[in-house]
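Quick note: the coordinates plus some simple rules give every number you see, no bench work behind them. This one's a predicted model, so the numbers in the text were calculated from it and none came from an experiment. In this analysis, Cβ positions are derived from the backbone assuming ideal geometry, glycine residues included, and neighbour counts consider all displayed protein chains.
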Amino acid sequence: MISFIFRTDVHVSDKSPVSWKGDYNAEIFESLRQIGDLAREHQVTAVLDGGDYFHVKTPSRNSHGLIIATGLVHKEYPCPVYSIEGNHDLTGNNLATVDTQPLGVLYVSGIFKHLQEEVFESDGLRVRVVGVPYSLSRDLDQIQAIRKKPGDDFLIAIVHALASENPPAHVEEFFGEAVFRYQHLVYDQGPDLFAFGHWHRDQGVVQIEDRFFVNQGAVSRGSLTKENTERIPKVSLIQITKEDGISVRVLPLKVAPAEEVYDFERKERQEKESSIIEQFVSQLESDLQIDPDQDIEAGVASMNFAPEVRSRALAYLERARG
């Protein structure tokens, strides 16, 4: 048997997102330790990383300590880690910049192996794994060019790109990128399994005919969104035998409840302030008829604002004058 754990979008960072009150870094590295334990428990051949291991794209804003911590946690893994480049691992989405990035340090140091094309063999079973890094110009023809070679029993593609069985209509416009439909990725001599990074949403595992699409979402939980507060980070266990073919099992990670890590009070304050500003602007547009000879504070004070909005507007004016 040949087996893998697939993880993606770890997004390690020296700083917690502004939406967090908990310790983001502590959660990420605890998740990485759990992944190592799962790799040991299931005796996997390798861990496959779908990109965006780092969060901050500027190399100088990723500390040596972050690299050291990465090395230490992966030193305990019972198997190698193969990774591809996500958009957060690059400067300006340019693959040529990886040598100047912290991910390049992980490659050169051997902490991660650079996944381009790797063949795994065991007891007459041959599995070829192809890495497809992030590219803003990636198109369907490039994906469909990934095909089996003579001798391959199974072919796996690890891809950092948006993909879905039934993507919402607005997604392509929102991201400004193509979304690959699973049904377009079932083609003659194509991969038996696609595993996708990039889109943090948990879309689970889908089987179409005899092909698998693994898209369990990000290891990390970043911004305070409904999806992130409800989603449990996961990895996927991929097992392959010559007799039974491919099986995929999604394994949840243990993380703290959303209310312990996210700053819901801060978000509520931000939404309230945003609402106040929107009301203020709207009222100005419809009701701003201040006599030019009149003091502006007096004019604002006389407008038909809610008391809290009027008070906030006057405070802003006073601050601007000061």
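Here is the list for the stretch 147-235: trypsin sites (Lys or Arg not before Pro) lying in DSSP coil, each with at most 15 other C-beta atoms within 10 angstrom of its C-beta, are Arg147, Lys148. Couplings 3J(HN,Hα) for the stretch 116-125, derived from phi with the Karplus relation 6.51 cos²θ - 1.76 cosθ + 1.60 (θ = phi - 60°), are 10, 8, 9, 10, 10, 10, 7, 6, x, 9 Hz, where x marks Gly and Pro. In terms of the mean number of neighbouring beta-carbon atoms within 10 Å, the peptides 73-81, 172-180 order highest first as 73-81, 172-180. Computed over the stretch 104-160, relative contact order equals 33 percent, with contacts defined as Cα pairs under 8 Å that lie 6+ residues apart. With 24 Å as the limit on Cα-Cα distance, the pairs of Lys15/Lys57; Lys113/Lys148; Lys148/Lys234; Lys148/Lys242; Lys113/Lys242 that go past it are Lys148/Lys234; Lys113/Lys242.
Amide hydrogen proximity for Val12: with H placed 1.01 Å from N in the peptide plane, the residues at 5 or more positions away or on another chain lying under 5 Å are Phe54, His55. Please compute the contact order of the stretch 2-258 in relative form: average sequence separation of alpha-carbon pairs under 8 Å and at least six residues apart, divided by the residue count, as a percent. Rounded, it is 21 percent for the stretch 2-258. Computed over the stretch 2-258, the convex hull of the alpha-carbon atoms projects to a mean area of 13.3 nm².
Taking every C-alpha pair closer than 8 Å and separated by at least 6 residues, the mean separation divided by the residue count of the stretch 12-84 gives a relative contact order of 44 percent. Mean projected area of the Cα convex hull of the stretch 83-133, taken over all directions, amounts to 3.8 nm².
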